[in-house]
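Below: one structure, written as C-alpha cells.
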Amino acid sequence: MTRNHQLMAAGLHLGYAEREIVTDLNLTVPAGKLTVIVGANACGKSTLLRGLARLLQPSRGAVYLDGKPIHQMPTREVATLLGVLPQSPIAPEAITVADLVGRGRYPHQGWFRRWTSEDDAAVAQALSATDMAAFADRPVDELSGGQRQRVWIAMALAQQTDLLLLDEPTTFLDINHQVEVLDLLTDLVKTGGRTVVVVLHDLNLACRYADHIVAMKSGTIIAEGQPNEIITEAVVHDVFHLTAHILRDPVSNTPLIIPVGRHHVAKVTAR
Amino acid sequence: MLGLPGLAMALLAVAILSLTTGARAIPYDMVWSAFFSFDPAATEHRIIWDLRLPRTLVGLLVGAALGLAGAVLQGATRNPLADPSILGINSGAALFVVVGVAVFGITQLTTYVWLAFIGAGAAMLVVYSIAALGREGATPIKLALAGAAMTAVMQAIINAILLTSPRTLDEVRFWQVGSLAGRSMDIALQVSPFILAGAALAFLTARLLDGLSMGEDVARSLGQRIGLTRGLAGLAAVILAGAAVSAAGPIAFVGLTVPHVARAITGPSYRWILPYSMLMAPILLLGADVVGRVISPPGEVQVGIVTAFLGAPFFIALVRRRKLAAL
Amino acid sequence: MTILSLETIAIVRRQRLSHARRVTFGLLSALLLACTAAMLLGDFPVPALDVVQSLFSPLTGSANRSVDFIVLQVRLPRLCLALLSGAAFGLSGIIFQTLLRNPLASPDIIGIAHGASAAAVFCIIILGWSGLSVSLGAFAGAMLTALAIYLLAWRNGVTAYRVVLIGIATAAMLSAVISYLFTRARLFEVQQAMAWLVGSLNAARPEDSIVLATMLVLVLPLLLALVRGLDGLELGDDTAYALGTRVEITRLGLMLVGVALAAFATAAVGPVGFVAFVSGPIARRLMGGAGRGVPQAALVGALVMLASDLAAQHALASVQLPTGVVTGGFGAAFLIWLLIASGRSGRVN
C-alpha cells in the first residue's frame with residue numbers, strides 16, 4: 001500500500017437542490033494525520049465530509065485525490081484508496097456481523113477473484129480492533145446501537161484504505177467506547193501511517209485526539225491548525241455561540257473547553 | 001396550503017356537484033327545493049332523494065373511511081405500501097362475496113354488505129394472528145408478509161371459483177371494480193355506525209401513531225405499549241376498511257395514496273394526517289364518481305376505475321415534484 | 001479487547017457457507033423429488049423404467065412411440081417450463097426486493113405484472129388475439145411499463161422509495177384498465193382473459209421451454225456480472241458508493257435483468273401469481289443471514305412452480321386446475337409456515 005495519498009478541496013461548493021450548504025471551501029487534508037472537523041449543528045461539516053468522500057457531487061469546484069478530480073475517477077478505484085463511514089447506513093434484515101464487515105472487502109474483489117484468507121484476515125483484524133470479535137456470528141439486528149456503530153466502523157476498517165473518512169463515529173457510544181474508537185483511529189494514523197478525517201461532536205475529545213482541527217461555521221472554515229494553536233475562547237464563541245473557559249487538559253495538555261452556562265456559575269469571571 | 005376549512009369547502013362543493021350531475025342534470029335551485037320543499041310528484045326530487053343523495057352519502061362515508069384506514073395502517077405498520085388490499089382486507093371481503101354468490105346464490109347488494117364486512121374482519125383476524133405468533137409479536141414486516149400471503153391464498157380460491165362458475169364471474173366482475181351506483185339509503189345506514197366508530201378509534205390512536213413513527217424504541221421510552229397501539233390501529237383500520245369495501249366494493253387506490261398526499265402537505269404528525277386524509281379521500285372519491293357519470297354517456301364508468309385514472313397521475317406528479325417523506 | 005484469530009473468522013464464515021450449502025442441497029433434493037414425481041405421475045400410467053428409457057430414446061431409438069410421446073412431448077416440456085419460469089419469477093422477485101429494500105416490492109406488486117396483464121387483456125378482449133401474439137403483447141406491456149416507471153421515477157437519479165410509490169400508482173391504474181375492460185366485454189371474452197390472467201402450464205409445448213431457456217441464457221451473464229452490486233446497494237446508496245459500487249448503472253442494469261426475467265416468464269406461462277413475491281422472503285428466511293439467497297430464490301421459485309403444477313394436475317381427480325390457482329395457495333402456505341416457525345425459534349437457522 002503506497003502511503004500518504006493527498007486529498008484536497010479547491011473552491012468547493014456543495015449543496016442539495018437549490019440550497020447551498022458549503023461555499024467556496026479550500027482544504028488540504030494533511031497526509032498521515034488525524035484531522036477532526038468540528039462545528040455547530042447544520043454548519044455543513046457532514047456535507048463537507050460527503051463531498052470529500054465523493055458521495056455528493058460539487059455544484060462548483062472540485063475535490064482532488066492525488067491531484068486527480070475524485071468525481072471523475074472510477075469509483076471502484078477510489079474505494080480501494082478511500083473508505084467512508086456514512087451517517088446512516090442501512091443494515092439488511094438478518095445479516096450477520098461477519099457478513100456485514102465482509103462487505104467492506106467489495107472493492108478488493110473482482111468478478112473472478114473469490115474470497116481469500118487475506119479477506120478473512122482483514123475481517124478478523126477489523127473485528128478485533130473494534131472489540132466486536134465475540135459477536136462475529138450474531139445478526140446485526142440483535143445488537144445495541146453502540147455495538148452496531150462499531151460493526152459499521154469495522155466494515156470501513158475492513159476496506160483497508162489509506163484514507164478513512166468517518167461521520168460522527170462516536171455517536172451512540174459509551175464514553176469508554178468513544179475513547180476506544182478514537183484510540184483506534186490514532187493507532188491507524190500513528191502505526192499504520194494512514195490519513196483519517198473524522199466529524200466529531202465532542203469538542204474536548206476533538207482537541208485531544210486531533211493532529212489537525214478544522215472549525216466550521218455556515219459552510220466555511222473559520223480556523224484550522226493544531227488544536228493548541230487555534231482553539232481559543234474567541235473561536236469557541238464564534239463557532240458555537242458559547243462562552244467558555246479554556247484550560248489545559250491535565251492528561252493530554254491540549255485545550256479543555258469548560259462551557260459557561262446561565263446556572264451553576266460559582267465564580268463570576270469577567271469576560 | 002389548503003387548510004382544513006378549505007378542504008371542507010371543497011368537499012361540500014363536490015358533494016353538491018354529485019347531487020346535480022348525472023344522466024339527467026338537475027339545476028341547483030331544484031336541489032334546494034328538493035330538500036326544503038319536497039314534492040313527491042316531481043321526478044327530479046325523487047331522483048335526488050332516492051338515487052343521488054344515498055349515492056353521495058355512501059361516497060362521503062366510504063371515502064372518509066378509506067382515507068383514514070390507509071393512514072392508520074401505514075402508520076401502524078410503518079410501511080408506505082400498506083393498504084387494505086395488501087393486508088388482506090379487500091380479498092377477504094371479496095372471498096366471502098364470491099362464495100356467497102357462487103354457493104348461496106346471493107345477488108342482493110344489501111346482503112353483500114354483511115358478507116364483505118365479515119370477510120374483511122375474518123381475513124384481518126387471521127392475518128394478525130399469523131403475524132402475532134412468535135417471540136417478537138406482530139412486527140410490521142411480518143404483518144405485511146402475512147397479509148400478502150393470505151391475499152394470495154384467498155385470491156387463489158376466488159380465481160378457482162370464478163374460473164369454474166361463469167355465473168359468479170358475471171355477477172362479481174361488476175362488484176369487484178368498486179362502484180357507488182345503485183347504493184340505497186339502507187346501505188348508508190348499515191355502514192355508518194361502523195364508520196363513525198372506526199373513525200373515533202382512528203383519531204384516538206393518532207397520538208400513539210406519532211410516537212410509533214419515531215421508532216419502536218422511542219415509542220416505548222415515551223411510555224407507549226406498542227402491541228396495544230398496533231392492536232387499536234389495526235382494529236380501527238379493519239372496521240373502516242371493512243365497512244368501505246362492503247358498501248362500495250374493493251376500491252384499492254384511495255387508501256394507499258391519499259395519506260401520502262396528506263403527509264406531503266401536513267408533515268409527519270398523524271394528528272394532522274388523519275383529518276386531512278379523512279377530507280381529501282372523499283373529495284377524490286366523489287369527484288371521480290361525478291366524472292364517471294358524465295364521461296361516457298349514456299353509460300357510467302365505475303368509480304374505482306376513475307379514481308385510479310384521476311388519482312394515479314396526480315400521485316405520480318406529487319412523488320416526482322416533492323421529496324415525499326419516508327415513513 | 002478480544003483478539004480474533006484468522007482461524008475463528010474462517011470458521012464462522014465456513015459455518016455460514018455450509019449452512020448455505022445445506023439449504024441449496026435441501027432445495028435441490030426437493031426439486032429432484034418433484035421432478036421425479038412430475039415425470040412419473042399422469043393419467044396414463046408409465047412404469048418408471050419406461051420413462052427412463054423414453055428419456056434416452058432420441059439417442060437409443062424409440063421402443064414405444066406412444067410412451068415416448070407422453071414422456072418427451074407432454075411431461076418433459078411441462079416440467080421444463082415449470083422449472084424455467086419458476087426460477088425466472090423467483091430471481092426477478094428477489095432482485096427487486098433487495099434492490100428496493102422492501103420485501104413487498106416484487107414485480108407483481110410494483111406494476112410490472114400489471115403491465116403484462118393489462119396488455120394481454122387488451123389483446124384478448126379488444127384485438128381478439130390469442131396464443132403467441134398475446135404472449136408477445138404481454139412481454140411488450142411489461143417492458144413498457146417498467147420503462148415508464150423508471151423514467152417517471154428518474155430525477156437526478158432514482159431512489160428506491162420513488163420507484164416503489166410510482167410502481168404502485170402505475171399498478172393501480174393498470175388494474176383499473178383491466179377492470180374496465182372486464183366490465184365492457186362479453187362474458188366469454190372475460191373468461192378467456194381470466195384464464196390467461198391466472199396463468200397455466202396446461203398448454204406447455206417443447207418450443208416454449210426452448211425459447212424461455214434461450215432468453216434466460218441471454219440474461220444470466222448480465223445478472224452474474226451485476227449481482228455482487230446488490231451487496232453494496234442493500235446497505236444504502238451512500239455506503240454503496242463508498243464501497244466503490246457504480247450505483248446508478250448497477251441499479252439500472254439489475255432492474256433491467258429483473259424486468260426481463262419477469263416479462264419472459266409471464267409471456268411463457270401468464271402472470272402466475274405470487275411466485276416472484278414469495279420466493280425471495282422464503283429463500284432469505286431459509287438462509288437465515290447466510291448470504292444474499294439469490295440462487296436459492298431461483299430454486300424456491302422453481303420448486304413452488306413445479307409443486308403447484310403437480311397439485312393443480314393431480315389434486316382433484318375430475319378437473320385440472322390452472323397452475324396459477326395453486327401457486328398462490330402453495331407459496332403462501334410455505335411463507336406462513338416460515339413466519340410461524342421463525343417466530344417460535346427466534347430465527348430460522
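General observations
- Selection of the stretch B:270-291 for residues being free of Cβ contacts under 8 Å to residues at least 60 places away in the same chain and open to solvent by 20 Å² or more (accessible area, probe 1.4 Å) yields B:W272, B:V291.
Matching residues to (1) over 30 Å from A:T130 (Cα atoms); (2) charged (D, E, K, R):
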| position | (1), (2) |
| --- | --- |
| C:R13 | no, yes |
| C:A20 | no, no |
| C:L28 | yes, no |
| C:P47 | yes, no |
| C:S85 | yes, no |
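- Condition met for B:G22 (in contact (Cβ under 8 Å) with a residue 60 or more places away in the chain, part of a helix (DSSP H, G or I) and in contact with a helix residue (DSSP H, G or I) (Cβ under 9 Å, 6 or more places away or on another chain)): no
- Residue match in the stretch C:315-322 (condition: buried (at least 24 other Cβ atoms within 10 Å of the Cβ), at pLDDT below 90, facing another protein chain (nearest Cβ under 8 Å) and over 15 Å from C:T24 (Cβ atoms)): yes
- Within the stretch B:151-193, the set of residues being assigned to a helix (DSSP H, G or I), touching a residue at least 12 places away in the same chain (Cβ under 8 Å) and facing chain C (nearest Cβ under 7 Å) comprises B:Q155, B:L162, B:F174.
- When C:L254, C:L222 are checked against the criterion of being touching a Gly at 6+ places or on another chain (Cβ under 7 Å) and open to solvent by less than 10 Å² (accessible area, probe 1.4 Å), C:L254 stands alone in meeting it.
- Where B:V127 falls short, out of the listed (1) crowded, with 24+ Cβ neighbours inside 10 Å; (2) in contact (Cβ under 8 Å) with a residue 60 or more places away in the chain; (3) hydrophobic (A, V, I, L, M, F, W, C): (2)
- Elements of the type helices (runs of 4 or more DSSP H) sitting completely within the stretch C:10-91 and holding at least 2 residues that are of a type in the set (G, A, S) and more than 19 Å from C:A312 (Cα to Cα): these cover C:48-55.
- Cβ pairs under 6 Å, 6+ apart, first in the stretch A:77-98 and at positive phi, second open to solvent by less than 40 Å² (accessible area, probe 1.4 Å) and not in a helix (DSSP H, G or I): A:A94/A:P139; A:A94/C:G289
- You will find that of A:V63, A:V78, the residue that is in contact with a strand residue (DSSP E or B) (Cβ under 9 Å, 6 or more places away or on another chain) and part of a helix (DSSP H, G or I) is A:V78 and no other.
- Selected residue (criterion: least open to solvent (accessible area, probe 1.4 Å)) from residues of the stretch C:191-206 that are within 9 Å of chain B (Cβ to nearest Cβ) and in contact with a Ser or Thr (Cβ under 9 Å, 6 or more places away or on another chain): C:V198
- Taking (1) over 20 Å from B:I305 (Cα atoms); (2) within 13 Å of chain B (Cβ to nearest Cβ) in turn, C:L212 satisfies each apart from (2).
- Taken over the stretch C:128-173, the residue count meeting the criterion of being modelled with pLDDT of 85 or more, aliphatic (A, V, I, L, M) and under 21 Å from the mean Cα position of the chain (by Cα) is 13.
- The conditions of being in contact (Cβ under 8 Å) with a residue 12 or more places away in the chain and open to solvent by less than 30 Å² (accessible area, probe 1.4 Å) are met by A:T130.
- Boolean, C:Y161 is open to solvent by less than 40 Å² (accessible area, probe 1.4 Å) and out of contact with any Ser or Thr (no Cβ under 8 Å at 6 or more places or on another chain): no
Yes/no per residue for (1) away from every other protein chain (no Cβ under 14 Å); (2) in contact with an Asp or Glu (Cβ under 9 Å, 6 or more places away or on another chain); (3) surrounded by 22 or more Cβ atoms within 10 Å (Cβ to Cβ):
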position: A:P139; (1), (2), (3): no, yes, no
position: A:A158; (1), (2), (3): no, yes, yes
position: A:T161; (1), (2), (3): no, no, yes
position: A:F172; (1), (2), (3): no, no, no
position: A:V179; (1), (2), (3): no, no, no
position: A:L185; (1), (2), (3): yes, no, yes
position: A:I213; (1), (2), (3): yes, yes, yes
position: A:N228; (1), (2), (3): yes, no, no
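- Only one entry in C:A290, C:A276, C:A240, C:A262 is open to solvent by less than 10 Å² (accessible area, probe 1.4 Å), within 14 Å of chain A (Cβ to nearest Cβ) and either touching a helix residue (DSSP H, G or I) at 6+ places or on another chain (Cβ under 6 Å) or assigned to a helix (DSSP H, G or I) (or both), namely C:A240.
- Within this structure, C:R228 fails the test of being over 17 Å from C:R78 (Cβ atoms) and buried (at least 24 other Cβ atoms within 10 Å of the Cβ).
- Filter result for B:S213 (closer than 19 Å to B:G70 by Cα and out of contact with any Asp or Glu (no Cβ under 6 Å at 6 or more places or on another chain)): yes
- Output for the stretch A:142-156, where each listed residue is surrounded by 19 or more Cβ atoms within 10 Å (Cβ to Cβ) and either of a type in the set (S, T, Y) or within 18 Å of A:T195 (Cβ to Cβ) (or both): A:I153, A:A156
- Out of B:A248, B:A312, B:A236, sole residue that is away from chain C (no Cβ under 14 Å), of a type in the set (A, V, I, L, M) and either within 15 Å of the chain's Cα centre (by Cα) or open to solvent by less than 20 Å² (accessible area, probe 1.4 Å) (or both): B:A236
- Boolean, B:A262 is at the interface with another protein chain (Cβ under 10 Å from one of its Cβ atoms) and aliphatic (A, V, I, L, M): no
- The stretch C:293-302: number of residues that are open to solvent by 10 Å² or more (accessible area, probe 1.4 Å) and within 10 Å of the chain's Cα centre (by Cα): 2
- Failed item in (1) away from every other protein chain (no Cβ under 11 Å); (2) touching a Phe, Trp or Tyr at 6+ places or on another chain (Cβ under 8 Å); (3) more than 22 Å from C:G291 (Cα to Cα), with A:G192 passing the rest: (2)
- Close pairs (7 angstrom Cβ cut-off, 6 or more residues apart or separate chains): surrounded by 18 or more Cβ atoms within 10 Å (Cβ to Cβ) in the stretch B:211-227, among the hydroxyl-bearing types (S, T, Y) anywhere: B:L212/B:T229
- Those residues of the stretch C:130-158 which are open to solvent by 40 Å² or more (accessible area, probe 1.4 Å) and within 14 Å of chain B (Cβ to nearest Cβ), in sequence order: C:A148, C:L151, C:L152, C:W154, C:R155, C:N156
The values are calculated or read from the model by the stated rules, or taken from the named source; none is laboratory data. Because the structure is predicted, anything quoted here is derived from the model rather than measured. Glycine gets a Cβ as well: all are built from the backbone with ideal geometry, and neighbour counts include every protein chain shown. Please note that ligands, DNA and RNA were not included when accessible areas were found on the heavy atoms of the full protein model with its side chains. Shrake-Rupley method; radii C 1.70, N 1.55, O 1.52, S 1.80 Å.
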